[in-house]
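The values are calculated or read from the model by the stated rules, or taken from the named source; none is laboratory data. In this text, all values refer to a predicted model and were calculated from it rather than measured experimentally. Here the Cβ positions follow ideal geometry from the backbone for every residue, glycine too, while neighbour counts run over all protein chains shown.
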Amino acid sequence: MKRDKILYWIFTIIIFLFEGVMPLIFGNSEQARSGVSHLGYPDYFRVMLNTFKIAGALVLIIPPIRGRLKEWAYAGFTFNFIAAAVSHAVVDGLGTLAIFPIAILLIHLLSYYFYNKVYLTAPN
C-alpha cells in the first residue's frame, strides 16, 4: 500500500510538472507560440489549452479533490496527449515530437492506475 502511494505521487508529480508548471512558466514564450502555430492551431487555442492544463494539473495534485472532477482531469489529459501525438505525427511525421506525448501518456496512465488503486479501492 505504501509503495503504491509513493508510485502514485511520483507519477502524479511528473504530470503536474509537465502539464501545470511548464505551461505556467513557458506557455507564453515565443517557442510555445510558434509551436502551436506550426501545428496549424490559432493562438487563442494555446491560451485556452494552457489554462485547462494548469487547472487540470492543480486538480490532480490537490489531495482532497476526488471523484468526478479528478476523473475529468485525467480524461482531459488523456485526450490532450493523444491529440498532441496525432497533431505532431500528421504535421511532422512519426518522430520524437509524436512519440513524446505517448511516453507522457504512459506516465499519466500509471498515475491514474495508482490513484484508483490507492484511493478508490483501498479499505476505509
field: Some residue of region 85-95 being modelled with pLDDT of 95 or more, within 23 Å of F114 (Cβ to Cβ) and not hydroxyl-bearing (S, T, Y)
entry: yes
task: Would you check which residues across region 23-69 are within 30 Å of Y8 (Cβ to Cβ), touching an Asp or Glu at 6+ places or on another chain (Cβ under 7 Å) and without any contact (Cβ under 8 Å) to a residue 40 or more places away in the chain and list them?
output: K53, G56
field: Failed item in (1) more than 18 Å from I14 (Cβ to Cβ); (2) touching a helix residue (DSSP H, G or I) at 6+ places or on another chain (Cβ under 9 Å), with Y113 passing the rest
entry: (1)
message: Show me the helices (runs of 4 or more DSSP H) entirely contained within region 1-64 in which 1 or more residues are among the charged types (D, E, K, R).
response: 2-16, 30-38, 43-61
- line: Considering region 101-118, residues that are more than 12 Å from the chain's Cα centre (by Cα) and free of Cβ contacts under 8 Å to residues at least 12 places away in the same chain, and then whichever is nearest to F16 (Cα to Cα), we arrive at Y113
message: Given the criterion of a type outside the set (S, T, Y) and either at positive phi or under 13 Å from the mean Cα position of the chain (by Cα) (or both), identify the matching residue among A73, A98.
response: A73
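Given the options V59, V90, name the one that is surrounded by fewer than 17 Cβ atoms within 10 Å (Cβ to Cβ) and either in contact with a Pro (Cβ under 8 Å, 6 or more places away or on another chain) or not aromatic (F, W, Y) (or both).
The conditions single out V90.
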Residue that is nearest to P101 (Cα to Cα), among those in region 35-82 that are of a type in the set (D, E, K, R) and in contact with a helix residue (DSSP H, G or I) (Cβ under 8 Å, 6 or more places away or on another chain): K53
